[in-house]
Amino acid sequence: MNIIAVDIGNTNIGVGLFLDDEEKLIESIPGKSRAKLARSVKSAWEQIPVSQSSREGKRDGVIVVSSVKPVWTKLVEDIAKSELDEKPYLIGKDIPLPISTWVDEPDKVGVDRIVSTAAAYAVVEDAIVVVDFGTAVTVDLVDENGIFRGGVICPGLEISAKALKDNTAQLPEVKVTKPAAPYGKNTADAINCGIYYSAIGALQEIIRRYAEEIGKWPQTVITGAAAKVIADDCGFIDNYVPNLVIKGIVLAYQKYVEQKAANSV
């Protein structure tokens, strides 16, 4: 299958190109930049071969979208229509969610959370926690039967730093990085340490409580734009997997196609 997978987040939009199910490229683009996004999608689309059965020269590929920001969903749809004369598939609307859920309001869970946990479970086939460090930090649990049980949503590192700046008189806004020491000798370093170690401590406590709930310690995967910042200091994390949502988008479409084929037999 040839797929352009589009991950629409709150800050950035990820675009991944997969040819014959093989990853060719993944890039992250600021969501506010329509021109850059259009160039990226068009460039990826032009790498997809033309279908041998098409008299109109249609390319043998699809555009599949996971979105948590409706206004940018429309932007991607507009680009696909105007630049490529294509209609994207939206996960949760055109394509079913790739994993069963046991939550109060499944339609209100971020699609990115669902597809990333589905991708992780497809690999381990056992209880797993997926931690996604983006604008927000999500910590989601899938049980050993492959059921999405729900999760925790925390402020992201940048949001936390901005909140301290915006709600105090003298504290500066800092860029969160790995601290050189466990405490700061100046205000900026103290804020950096506080946000950094708070995130690690919260993750460990949340995962411990998940383990108590399901009766065993789950494997844990960390992903997201800010994941690299803290991954090295999280000894309880099993794997760092960049672009897990993109991989989950591809999985969701593959499962959809397989199910359609099975139903037609």
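Things to note:
- Residue in the stretch 103-121 that is buried (at least 18 other Cβ atoms within 10 Å of the Cβ), part of a strand (DSSP E or B) and in contact with an Asp or Glu (Cβ under 7 Å, 6 or more places away or on another chain) present: no
- Considering only residues in the stretch 226-253 that are without any contact (Cβ under 8 Å) to a residue 40 or more places away in the chain and small (Gly, Ala, Ser), the one that is surrounded by the most Cβ atoms within 10 Å (Cβ to Cβ) turns out to be 231.
- Residues that are surrounded by fewer than 21 Cβ atoms within 10 Å (Cβ to Cβ), in contact with a Ser or Thr (Cβ under 6 Å, 6 or more places away or on another chain) and either assigned to a loop (DSSP other than H, G, I, E, B) or not hydrophobic (A, V, I, L, M, F, W, C) (or both), drawn from the stretch 123-150: 135
- Against the criterion of being over 30 Å from residue 5 (Cβ atoms) and assigned by TED's automatic domain parsing to the domain that holds residue 122, residue 191 qualifies.
- Residue list for the stretch 181-214, filter: small (Gly, Ala, Ser) and part of a loop (DSSP other than H, G, I, E, B): 181, 184
- Qualifying residue in the stretch 215-225 (condition: in a loop (DSSP other than H, G, I, E, B), in contact (Cβ under 8 Å) with a residue 24 or more places away in the chain and within 19 Å of residue 160 (Cα to Cα)): yes
The values are calculated or read from the model by the stated rules, or taken from the named source; none is laboratory data. Quick caveat: nothing in here was measured; it's all calculated off a predicted structure. Because the Cβ atoms are built from the backbone with ideal geometry, glycine has one as well, and the counts that use them run over all protein chains shown.
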